[in-house]
Amino acid sequence: MLDTFFIKNLKHPLSLVAITLDKYGIQANGITVLGFIVGMMSVPALYLGNTSLALMCIVFNRIMDGLDGAVARVQGPTDLGGYLDITLDFIFYSAVIFGFALMNPADNALAASFLIFSFMGTGSSFLAFAIMAEKRNIKRLDYGRKSLYFIGGLAEGTETILFLVLICLIPSYFSLLAFGFGALCWVTTIMRLYAGYRTLSKHTHQH
């Protein structure tokens with residue numbers, strides 16, 4: 001829901017940094033992988049109960065996620081870059097939630113399981129539609145030069161980042177927040193299924 005606003009406002013400053021990084025020969029895929037490795041360090045940090053360190057790893061990961069796309073736009077987006085970006089993002093998001101389950105299995109495991117289950121809904125509805133949209137050459141949404149077609153909802157990337165920051169700041173409320181965000185994910189999944197059904201039905205009839 002907030003992605004369009006943030007992407008529009010962060011595009012220019014990220015582009016300036018991306019041009020500088022490109023001059024030094026830094027590749028977009030390298031930024032993606034570095035961000036993923038540091039982001040995954042949040043899992044052992046959470047296991048040890050160090051939510052401050054986990055938060056720093058998460059913030060670094062998200063900054064790199066913004067930068068890799070900006071650098072890719074300067075160097076030219078590639079299918080490999082898009083593939084890495086999407087795949088590693090999904091692994092990272094679930095890994096952080098798994099980290100909270102490890103930190104306090106007795107209190108967090110059920111809520112963590114429900115949230116990862118909810119991520120399956122948002123992830124599959126997003127990726128399945130992206131494949132069909134590419135296949136039918138459906139015009140992309142105004143989200144910049146993305147490698148995949150993005151279909152919106154209540155719980156998108158920006159909301160997920162805010163959620164991850166929040167659970168690191170107030171980890172004692174993880175279960176409550178996870179169940180709440182999981183519910184938003186399912187609302188998003190239903191919205192995407194409806195939008196995807198209508199869009200693909202229309203294009204099927206046109207063909």
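The values are calculated or read from the model by the stated rules, or taken from the named source; none is laboratory data. Given the structure is predicted, the values throughout are model-derived calculations rather than measurements. Using ideal geometry, Cβ is built from the backbone for each residue, glycine included, and neighbour counts are taken over all protein chains shown.
Screening Val59, Val17 for residues that are within 26 Å of Pro171 (Cα to Cα) and surrounded by fewer than 18 Cβ atoms within 10 Å (Cβ to Cβ) leaves exactly one candidate, Val59.
If the condition is being crowded, with 19+ Cβ neighbours inside 10 Å, of a type in the set (Ser, Thr, Tyr) and either over 15 Å from Thr122 (Cα atoms) or without any contact (Cβ under 8 Å) to a residue 12 or more places away in the chain (or both), then the stretch 166-189 contributes only Ser175.
For every residue, the table says whether it meets (1) charged (D, E, K, R); (2) in a helix (DSSP H, G or I); (3) more than 14 Å from the chain's Cα centre (by Cα); (4) more than 16 Å from Ile167 (Cβ to Cβ).
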| residue | (1), (2), (3), (4) |
| --- | --- |
| Thr32 | no, yes, no, yes |
| Phe36 | no, yes, no, yes |
| Val43 | no, yes, yes, no |
| Ser52 | no, yes, yes, no |
| Val59 | no, yes, no, no |
| Asp68 | yes, yes, no, yes |
| Val71 | no, yes, yes, yes |
| Val74 | no, yes, yes, yes |
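There is no residue in the stretch 109-117 that is aromatic (Phe, Trp, Tyr), closer than 19 Å to Gly157 by Cβ, surrounded by 15 or more Cβ atoms within 10 Å (Cβ to Cβ) and out of contact with any Lys or Arg (no Cβ under 9 Å at 6 or more places or on another chain).
Scanning the stretch 102-129 for residues that are without any contact (Cβ under 8 Å) to a residue 24 or more places away in the chain and more than 16 Å from the chain's Cα centre (by Cα) yields Pro105, Ala106, Ala109, Ser113. So, of the residues in the stretch 148-160 that are crowded, with 19+ Cβ neighbours inside 10 Å and either at pLDDT 80 or above or of a type in the set (Gly, Ala, Ser) (or both), which turns out to be nearest to Asn50 (Cα to Cα)? Restricting to residues being crowded, with 19+ Cβ neighbours inside 10 Å and either at pLDDT 80 or above or of a type in the set (Gly, Ala, Ser) (or both), the top hit is Thr160.
May I ask you to verify whether Ser125 is at pLDDT below 90, surrounded by 15 or more Cβ atoms within 10 Å (Cβ to Cβ) and under 19 Å from Leu193 (Cα atoms)? Spelling it out, Ser125 is indeed at pLDDT below 90, surrounded by 15 or more Cβ atoms within 10 Å (Cβ to Cβ) and under 19 Å from Leu193 (Cα atoms). Only residues that are surrounded by 14 or more Cβ atoms within 10 Å (Cβ to Cβ), modelled with pLDDT under 95 and β-branched (Val, Ile, Thr) were counted in the stretch 79-107, giving 1.
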